[in-house]
Each structure stands twice: as structure tokens, then as C-alpha cells.
Amino acid sequence: MTIALRTLDDGAWISVNDSREVGVSDIWTLPAREFCGCETPHVMLEGFSGVDLRGVDTHVIADAVGMCIDCGTRDGIESLPVGRIVEGEFKRYEPESVQSPSVAAVSGR
Amino acid sequence: MPTDVEEWKDEIYGTDIRDHIERFAEDGWESIPDDEKDAWFERFKWYGLYHQRAGQESYFMMRIGPPSGVLEPGQFRRIVEIADEYARGPVSNPEFGNGWLDVTTRQAIQLHWIRIEDVPDIFEALEDVGLSTVQACGDSWRNIVGCPVAGKDKHEHVDAQGLADDLHDTFKKNEAHSNLPRKWKVSVTGCDEGCGQGDINDLAFEPAEKEVDGETVTGYNVRVGGGLARNEPRFAKNIDVFVTPEQAVEVAGGISALFRDHGDRENRYKARIKFLVDEWGAEKLRNVLQEEYIDFELETAGEDLRHSYSYNAGDADGKHDHVGVHEQTDGNNYIGLNVLVGRLGIDDGYEIADAAEEHASGEVRLTQRQNIILTDVPDDEVDALLDNPVFDEYSPDPHPFQRGSIACTGSEFCSLSIVETKNRQVRFSRWLVDNVSLPEGVEDFHIHLSGCTASCAQPQIADVSLRGMKTRKDGEPVEALDIGLGGGLGENPQFASWVADRVPADEVPGAIENLLGNFDDARRDGESFREFVAARDDEELADLVEPEETSYEDPFLHNTKRTWYPYAEEDGFDDSPAPARADGTPIPSDD
Ligand code: HEM
Ligand code: SF4
Ligand SMILES: [Zn+2]
């Protein structure tokens, strides 16, 4: 089955199969990233600019713009895993839960 | 690759959408196929319907856009009646109750909690009095903004209402201009006070004079490429074109067609014409316009009136807004009334409609500062009209902190939002009125609050600009605001400088109090706030903003976006009654 993935309303949210699954304004914990100088960046996502499927685990990865709520660094984030497709269903990752470094390290397109 | 949105628009867009709205309304919310929802909601925007945010599925915002904000007698009452019948939510809002209308910064009215099943009846009720939601959202000609007191005001130089109406009549439901790469915001100003706010629109007509064939002709200069969204604010650029009122519609059509053909359809973030103006420059835009889109020789720009612009212009002489009692050209008066954050309750709406019909013509006009104006009030009716207690709240003489407050939709309904806005701004203004005195001579002080960088509340053109953010306070993430200073329009418009980042929302009133105190101490004699800001660099200004907790309490510090509705008693997503059937009963999900 094909998965319809897109960002809508000016990057306000990620749609998976016509359902609003991931929205802006949540704070994501990004330990393995050099997003800013913080040991554990806590990054509030302000907008999504792209979304894609990646790999055999079918991770849903997003490009976004965010800001670290601790130090104020604003930057783009590439290929942030926001969830995965399990048996055709989207399972969202919890923003606060630490992102798997192995996935997080796969960056850039 | 074309975006999904472009593909959907290619398939069905414009007036063809109407039949489908009727069909879905007839068969109910659940008849919208699951795998077509994104496409339909994108298309519905063309008819002024915007799906509310996550947690509020099946409920829509509806926008009604009268050109230049002019609601003829009977139209305002009709909107109040529609709000009364159809715009009631599942729970009420602590500041505003349940049932209101929002006056917007582009002279439109927004209703919330609208159900698709009711839309055909609402359309009929609107059309019955000559109103429409067409192109109020979506990728096309949005509501045309302009002088709301056109035809009445002593400051008028050219008949802006005539042109705004002509543009509206020509470009609404006009197939050639229905599907543009992005929203298209047009402003027509006819007065010497600049109340059309042309500088922040995609296309602006501004009053001007020009010597043509030995005769002085009155018309408009043209500017292109203004807009505030996404950390990329631009003022519209002078493209060195003067048009007569007769030429204006053709030139507007040429520029709209140029945008249609040359705007970026691959990347919605780069689609607004401001980016084309960045890329091309004003001169190339003028050349392409002349060569490919206009059949007659364009005149170069005429003499404008920008030197006298006073609207939202800091310290300039003249009116800064339309609030108050003002004499019209015909000897009657118009009365500008303050609507705090633009939100007007239904019962109050009926009172105001009654008063306008009893003491005046019944016409109600909407301003870009989220206020309303009652026109055609004879001298001997002014007191009688204002005697109505409803005008204690919707006052022609509000406190400057209330008069200057603007707030966007925010996390109550909007997907993009980061923070709560309208209730918060009401509480800010209340606290400021009670606790802070304005420095001597400061009668206008504009505070605009936007819930994110889309800037619907036009924060960059305020004395104090507030923009939604998050920060950490006492170890917890909280809603916060960036603070900017010194923005405004006028002859030389200026965007605010963002000088303080991520101030916890509960410390913002204290920051404004301290800022005003520091301004009062350090200003030169009679120096206006905008001059004061302009004379200082950002670092110096940052030191003058001293965020501080005060007696102000903020009930929305937690993440209001993680609720289905920030003010519900049970506010978790699991408690949401949405999606719901037309009668409000929740629709169980399949899984
Ligand atoms: C559900 C989401 C949204 C809501 C409720 C909303 C609400 C509003 C309102 C009330 C206005 C003034 C009204 C008018 O056009 O008549 C407005 C204007 C505006 N909107 Fe939005 N909006 C939303 C999404 C967006 C998005 C996605 C953008 C993206 C860039 C945006 C950018 C703007 C800007 C820049 C203005 C006004 C400033 C100007 O005149 O340029 N809005 N919006
Ligand atoms: S400024 Fe942002 S939060 Fe406010 S209404 Fe516009 S899009 Fe929504
Ligand atoms: Zn950081």
C-alpha cells in the first residue's frame, strides 16, 4: 500500500495518509545532533519543509526549521525521524523521547 | 516537481469547488473520502473555509471579505445572525463566551466552529445580502483592503472605494486569476493618511498626481511585493508606474497575470511575489509588465502623498487609526469603535446593529486595526447613539493600551500557532491599563501579538511587537514571546527590531512596564517612542526591556497546542469531541 506523505498549511503539519500526524510547536529532544552548543538540544519545531520515507524500517523523516528553547539557536534540521510506518499504520515518535542516534546520524540529502 | 497543492488545484479549483461543497454538506462530514481530505481542505480555502487545527477536526473557520471592509446596511446584522446560528463551539471561551465574530487585520470577518453541513445555508444567507466568502483564503485574490472610510473622509484624494469595488468585481470568480501560485493581497489607498497599509501587501495602489499631456491627473502609484510572513518581511517596492483610475484595473490584471505565470509553483515557501521582486528587482518587473502584459505605454510614477501618511505611523500629525468621532465630508460623522483584539460577542453585535440602524445609516465598516466604524451619524444623534452601554466596551475613546492592541487567532484554532494569543492579549491590556501609566504625550501605543512568524497580527509594524515562541522557565518549557520594538508605517515605514528573545509570557507585561519606565527616563523632550527606538542600537534597546514577573498571571503558560481546546476543562486530545456530526455528537474513530 502506498503511503501519502506531505506537509501542509505552510509547513504547519505532516500529513500521513490524509491525517494530521505531526504538528509544529512541539519540543523535540535531539541528543545526537550538533544543532547548537547545548548538551541535549531541546528544539521547538516551527515549520516543516519536507517529509519522506527512509529505509527498510520505513522511518518517516522530516526536514524542519526549529529553535533550541534553551540557547535560542535557530536552524534547519534535516531528516528528523518523526515516526515510522508499521503494517501500513503511522506510529508517531514522542518528541520528548530521545531520538535513536543511529537514525539521527543519517543526515543530509 | 509540482507540489501536491498544485496538482489538486490543476484538477479542481475556483468556482468548480462549490458543487462539491454542496455535495459534502448534503451527505455530511463523513462523506469526505479519507484519502481526499487534504485535497478538499486545501480547495475549500478558495471558498473561505479553513479546517481548524488538530483536535478540532470537522470544524471550520469561515472568512467573509467585504472590499475595504465596507458592510452595507443589513450586512453586518446578517453576519451576526449567521454567527448566532452557526458559529457556536462545543465549549465556551473564558473571555469571550460562546459565539462571537472576529474582525481581522485585512478587514474581513472570521467565524469559527462552522460545520460543513451548514455551509450551503450560510452561503445562501450571505448571498441574500450581497456578501460572499469567495477567495477569502487560498491561492488567489484575497479580500481587497483599503480606506474603510472611503467616500466619507475629508482626507480622501481619489475614490478608493470605486477602485476597490472594481477590482473585487473583476477579479473575484475570474477564471484567469483564480489559481495563482500563492495568496495575492491587494490594497487600495485613496487618502493622505495611508490607512490602506499598502506597504505590506503584494500589490498596492497609492494616491498620486501626475502631469499627463499638460494636465494634472489624479490616480495611483503602484507598489509590488510587500508582506510580513516567515521572518522575511518586505515593504512593497515602488515600480515607477502611475495609473489613472481607469487604467488601474488593467494594470492590476497585468501584474496578477505576471505573478500567475512567473511566480514559483515548485516551492510554496518562495511563491509570494515578494520573492520574485527580490530576484528580478523593480525595474525588470516593470519591463516584463510593460512588454508582456500591458498594451499601452505605462506612465512613470507621479507625485505621491506619502509625506503626510499618519496611519500607524508613530508620531506623525493626523489620525493613527479610525477610532473616535470624526466629521464626514457631508457633515455627518463616523464613529470608530474599539474592538479589543477584534473579537465581538454576538449579543453585542445585535446591540451595535440596532444602534447603527436607529441612529445612523446602519452601515458598519471594518478597519485593519481590528476595529469597526459606524458611518453616517448626524450630529444630533452622536450622543444618543453613544448612550448605549454597549459602547462602554466598544468605546470610541478607549485607553491607549486597548486601542493599540491587536492579536491573531493563535493556538485557539490555528495549526501554525506556537502560543495562545487573543485571551492573553486581553489580559495583558487589562493589566497594563490597571498598572502602567503612559509617559507624557504618548497617546498611541501599538502592541501587536502574533502566535507565530506568519505574522497575521502584523507584529512587525507595532511599537511593541510580540511573536510566539517557547522557552524554559524553572526547568519547564513555557510559552514565550519574542519582543520587537519601533515598527510602524508612514512615509518611511520601519519593521520592528527584535531585541529580546523568548521572554516567558508571564514576564511580558513587566517587560513592557519597565521598557516604558526606561523610555520615560531616557527620552529627550517630546521624543516619540518610535524616534527613541530609531536612535538606539539593538543592544542598548535590549537593556531597556527588563522582563519581570509582576502581579500579572498567565493561565496559558503550559503548551496550549497540546490541548484540543486550550480553555476546555478536560483539554487533552483524548477528550476532544471532534470530529463531530452536524448535531455535535462525536464520531467514533475506527481504530
Ligand atoms: C488556520 C491558520 C490561519 C489562521 C486562522 C489565520 C488567520 C489570519 C487572520 C485572521 C488574518 C487577517 C485576515 C485576513 O486575511 O482577512 C491573517 C492574515 C495573515 N495571514 Fe494568516 N492565518 C492562518 C494561516 C496563515 C498561514 C499558513 C500563513 C502563512 C504564511 C499566514 C500568514 C498571514 C499573514 C502574513 C497575514 C497578514 C499580514 C499581511 O497583511 O501580510 N496565515 N491570517
Ligand atoms: S500569526 Fe501564526 S498563530 Fe497567528 S493566526 Fe497567523 S498563522 Fe496562526
Ligand atoms: Zn541550544
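The values are calculated or read from the model by the stated rules, or taken from the named source; none is laboratory data. Please read all numbers here as calculations on a predicted model, not as lab measurements. Using ideal geometry, Cβ is built from the backbone for each residue, glycine included, and neighbour counts are taken over all protein chains shown. When the accessible area is computed, the model is the full protein with side chains, heavy atoms only, and any ligands, DNA or RNA have been set aside. Shrake-Rupley method; radii C 1.70, N 1.55, O 1.52, S 1.80 Å.
Extension gain, B:Ser589 to B:Asp383: 0.36 nm times the residue separation minus the Cα-Cα distance gives 68.5 nm. With 20 Å² as the minimum drop in accessible area between chain alone and full protein complex (1.4 Å probe), the qualifying residues in segment A:60-81 are A:Met67, A:Ile69, A:Asp70, A:Arg74. Taking amide H positions as modeled 1.01 Å from N, with prolines and chain starts lacking one, the residues under 5 Å from B:Glu548 and 5 or more places away or on another chain are B:Gly510, B:Ala511.
Note that chain A presents 43 Å² accessible area per residue, ligands and nucleic acids not counted, probe 1.4 Å. For segment A:23-72, applying the loop criterion from DSSP together with a ceiling of 13 other beta carbons within 10 Å to the GluC sites (Glu not before Pro) yields A:Glu34, A:Glu39. For B:Asp278 and B:Arg23, the difference between the fully extended length at 0.36 nm per residue and the C-alpha to C-alpha distance is 87.5 nm. All Cα-Cα separations within the protein assembly as shown were binned at 20 Å from zero, giving a P(r) of 18, 53, 27, 2, each value a whole percent of the pairs.
Computed from the Cβ-Cβ distance with R0 of 35 Å, the FRET efficiency linking A:Ala4 to B:Arg472 stands at 0.45.
Protein-only accessible surface at a 1.4 angstrom probe places the residues B:Arg524, B:Arg182 in the order B:Arg524, B:Arg182, largest first.
Of the GluC sites (Glu not before Pro) in segment B:293-372, the ones in a loop by DSSP (not H, G, I, E or B) with at most 16 other beta carbons within 10 Å are B:Glu297.
Solvent exposure of segment B:255-304, expressed per residue, is 51 Å² of accessible area, with all protein chains present and a 1.4 angstrom probe. Return the value, in Å² to the nearest 100, of accessible area buried between chains A and B (probe 1.4 Å, both sides summed). Its buried surface, counting both partners, is about 2500 Å². Using the rule -39500 (n - 2.57) for each DSSP H run of four or more residues, divided by the residues of the protein assembly as shown, the 222 nm mean residue ellipticity is -7000 deg cm²/dmol. Per-residue packing, averaged as other Cβ atoms within 10 Å, sorts the ranges B:501-511, B:578-588 into the order B:501-511, B:578-588, beginning with the highest.
Rounded to 0.05, the FRET efficiency of the B:Glu266 and B:Asp521 pair, given R0 = 45 Å and the Cβ-Cβ distance, is 0.30.
Mind giving me the FRET efficiency for B:Ile12 and B:Asp121? R0 is 22 Å, r the Cβ-Cβ distance, nearest 0.05 is fine. Efficiency, from the Cβ-Cβ distance: 0.45. The modelled label-to-label distance between B:Asp169 and A:Thr29, using points 7 Å beyond Cα along the C-beta direction, is 6.3 nm.
Residues within the reach of a label modelled at A:Ser97 (point 7 angstrom out along Cα to beta-carbon, backbone nitrogen below 17 Å), restricted to segment A:41-65, are A:57-62.
Comparing the full protein assembly with the isolated chain (1.4 Å probe, heavy atoms, ligands and nucleic acids excluded), the residues of segment A:1-21 losing at least 10 square angstrom of accessible area are A:Arg6, A:Leu8, A:Asp9, A:Asp10, A:Ala12, A:Trp13, A:Asp18, A:Arg20. When the solvent-accessible area of segment A:5-104 is split by element, carbon and sulfur atoms take up 46 percent of it, the probe being 1.4 Å.
Looking at segment B:402-558, the accessible area is 35 square angstrom per residue; that uses a 1.4 Å probe and ignores ligands, DNA and RNA.
Modelled label positions at B:Asp575 and B:Gln328, each set 7 Å beyond Cα in the direction of Cβ, lie 4.9 nm from each other.
For segment B:14-54, heavy-atom accessible area (probe 1.4 Å) falls by no less than 40 Å² from the chain alone to the full protein assembly at B:Asp38.
Within chain B, DSSP assigns beta bridges of which about 85% are antiparallel (rounded to the nearest 5).
To put it simply, the accessible area of chain B at a 1.4 Å probe is 40 percent carbon and sulfur. Loop-located trypsin sites (Lys or Arg not before Pro) across segment A:20-77 with a Cβ neighbour count of 13 or fewer within 10 Å are lacking, with loop assigned by DSSP. The antiparallel fraction among DSSP beta bridges confined to segment B:402-558 stands at about 70%.
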